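The block underneath contains the structure these notes are about, expressed in structure tokens.
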Amino acid sequence: MGSLLQFLHDHLEMAYIVVLSVFLGVEVISRVPSVLHTPLMSGANAIHGVVIIGAIIVMGQASPDNYFALIIGFLAVIVGTLNVVGGFVVTDRMLDMFRTRKKKTDLQENRNG
Amino acid sequence: MGLAVLSLCYLIGSVTFIVGLKMLSHPRTARRGNLVAAAGMGIAIVGTIFLYQTEDGTRLHNYGWIFSGLIIGGIIGTVLARKVKMTAMPEMVSLFNGMGGLCAALISVNEFEHLTHADPLLFVAAALFSGQNLLLHVFIILAGLVIGSISFSGSMIALGKLAGKIGVWRFQGQQVLNISVLVITLLLAVGLLTQDAFFNGWVFGLIMLLALVYGILFVMPIGGADMPVVISVLNSCTGIAAACGGFLYDNQVMLTGGILVGSAGAILTVLMCKAMNRSLKNVLLGSFGGVKSGQAA
């Protein structure tokens, strides 16, 4: 127990980040219209692609003669990049779809008005 | 100097994630929000590649591998995301979410290999960490492994269900089986943490295998119409797995991004259930209710 408290004390900054981020995540999302549920999920999906940074660090620290570490790290970098790039591109396409549809309805409203 | 710039990169990254997420939740700013978050991610990634160094000042190497990985992943990701039909977008979200989970799991595999590869193990480990810190280090590795693996295999099944390739698979006592698999996985993880005899690659591999199986079992009984909620749950899980990486490397941007997605994903899941007028428990465990009502009808 004492060592756990000591660990918490040594990593106080991280504990603060965790607690505040939890509240922030809840607060930022809480009033979202239901049409945006899927794009928001997709955007959040792209953001957790930040795990790629861990993959880059792992890859960059693997010793050049350790093929197991090199291959696993290489795979991790590839799938991590897929997550980041694919995630942001898909979200962009989704939101683009929204915009065009909205413009059309605006035009129709203008015509009707 | 380099490290100070890197910290600044991470700060910018964290702030863009928060701002991006906020903008994504308003229809008018949503698209710009996505771009803001993407820009922040780019800064954090480029900063890591060129400026990262460990405590003793060694920089990253294997640049050839890193860049070829980034290019291959980038090309495949862009092509997949651009070519896919509009109706198949949720499948892509599921696929990319699974990839993030797999990435977290692979990082854990590599870190564990790094721990056990050093020989003789305990001597080096003791030099690196003082007792309890080693325990916490392995705990975080295991958490990333289990959560990431569940997220990966679950997302793949969800993808198959959205594509209509995988049907619903239910049988009596399914929840009992699922929970037993999860409990065995966690018991093995506790064993690996506390027993020296369990501290090897085989047990680690078995834990990963069982977590992958649990991910499959968890999604199998849920119907295709509920998949968006399931993907949101798994999305939240991958966020937490990414945050484990943040603990592992003392990396603030991974921690902020991961926890932010974890909590936002959890709230989003609840909101999605509300929009569908159902409870989360009903969606995730309600398969028996579905079977019963099916039989009654």
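Structure values in brief
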{"item": "Selection count, the range B:65-108, where residues are within 7 Å of chain A (Cβ to nearest Cβ), open to solvent by 10 Å² or more (accessible area, probe 1.4 Å) and among the aliphatic types (A, V, I, L, M)", "result": "9"}
{"item": "Looking only at the range A:27-36, and only at residues there that are over 15 Å from the mean Cα position of the chain (by Cα) and open to solvent by 10 Å² or more (accessible area, probe 1.4 Å), the one that is farthest from the other protein chains (Cβ to nearest Cβ)", "result": "A:Glu27"}
{"item": "Scope the range B:187-199; condition open to solvent by 50 Å² or more (accessible area, probe 1.4 Å) and touching a residue at least 24 places away in the same chain (Cβ under 8 Å); matching residues", "result": "B:Asp196"}
{"item": "Members of the range B:169-186 found to be β-branched (Val, Ile, Thr) and either surrounded by 14 or more Cβ atoms within 10 Å (Cβ to Cβ) or within 17 Å of B:His137 (Cβ to Cβ) (or both), listed by number", "result": "B:Val181, B:Ile184, B:Thr185"}
{"item": "Listing of helices (runs of 4 or more DSSP H) fully contained in the range B:169-266 that carry 2 or more residues being within 27 Å of A:Val79 (Cα to Cα) and among the small types (Gly, Ala, Ser)", "result": "B:201-219, B:227-249"}
{"item": "When residues of the range B:3-25 are limited to those that are without any contact (Cβ under 8 Å) to a residue 60 or more places away in the chain and at the interface with chain A (Cβ under 8 Å from one of its Cβ atoms), the one most open to solvent (accessible area, probe 1.4 Å)", "result": "B:Lys22"}
{"item": "Tabulated pairs, the range B:201-213, first at negative phi, second hydroxyl-bearing (Ser, Thr, Tyr), C-beta under 7 angstrom, 6+ apart or interchain", "result": "B:Gly201/B:Thr116; B:Ile207/B:Thr185; B:Met208/B:Ser149; B:Leu210/B:Thr185; B:Ala211/B:Ser149; B:Ala211/B:Thr185; B:Leu212/B:Ser149; B:Leu212/B:Ser153"}
{"item": "Filtered residues of the range B:56-75 (kept if part of a helix (DSSP H, G or I) and out of contact with any helix residue (DSSP H, G or I) (no Cβ under 6 Å at 6 or more places or on another chain))", "result": "B:Tyr63, B:Gly64, B:Phe67, B:Ser68, B:Ile71, B:Ile75"}
{"item": "Count - residues of the range A:1-11 that are part of a helix (DSSP H, G or I) and open to solvent by 80 Å² or more (accessible area, probe 1.4 Å)", "result": "6"}
{"item": "Scope the range B:31-47; condition within 7 Å of chain A (Cβ to nearest Cβ) and hydrophobic (A, V, I, L, M, F, W, C); matching residues", "result": "B:Ala37, B:Ala38, B:Met41, B:Ala44, B:Ile45"}
{"item": "Residues that are closer than 28 Å to A:Thr38 by Cβ and polar (S, T, N, Q), drawn from the range B:93-114", "result": "B:Ser94, B:Asn97"}
{"item": "Residues (in contact (Cβ under 8 Å) with a residue 60 or more places away in the chain and touching a Ser or Thr at 6+ places or on another chain (Cβ under 7 Å)) located in the range B:223-256", "result": "B:Pro228, B:Ile231, B:Leu234, B:Cys237, B:Thr238, B:Ala241, B:Gln252, B:Val253, B:Thr256"}
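Results for (1) over 12 Å from the mean Cα position of the chain (by Cα); (2) among the aliphatic types (A, V, I, L, M); (3) within 7 Å of chain A (Cβ to nearest Cβ), shown as yes or no for each residue.
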residue	(1), (2), (3)
B:Asp226	yes, no, no
B:Val230	yes, yes, no
B:Asn235	no, no, yes
B:Gly239	no, no, yes
B:Ala243	no, yes, no
B:Tyr249	yes, no, yes
B:Ile259	no, yes, yes
B:Ile267	yes, yes, yes
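For every residue, the table says whether it meets (1) part of a helix (DSSP H, G or I); (2) open to solvent by 30 Å² or more (accessible area, probe 1.4 Å); (3) at pLDDT 90 or above.
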residue: A:Val22; (1), (2), (3): yes, yes, yes
residue: A:Ser42; (1), (2), (3): yes, no, yes
residue: A:Gly49; (1), (2), (3): yes, no, yes
residue: A:Ile71; (1), (2), (3): yes, yes, yes
residue: A:Val77; (1), (2), (3): yes, no, yes
residue: A:Glu109; (1), (2), (3): yes, yes, no
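The values are calculated or read from the model by the stated rules, or taken from the named source; none is laboratory data. Just so it is clear, the structure is predicted and the values come from calculations on it, not from any experiment. Ideal geometry is used to build each Cβ from the backbone, glycine not excepted, and the neighbour counts take in all protein chains shown. The protein model used for the area step is the full one, side chains on, heavy atoms only, and it has no ligands, DNA or RNA in it. Shrake-Rupley method; radii C 1.70, N 1.55, O 1.52, S 1.80 Å.
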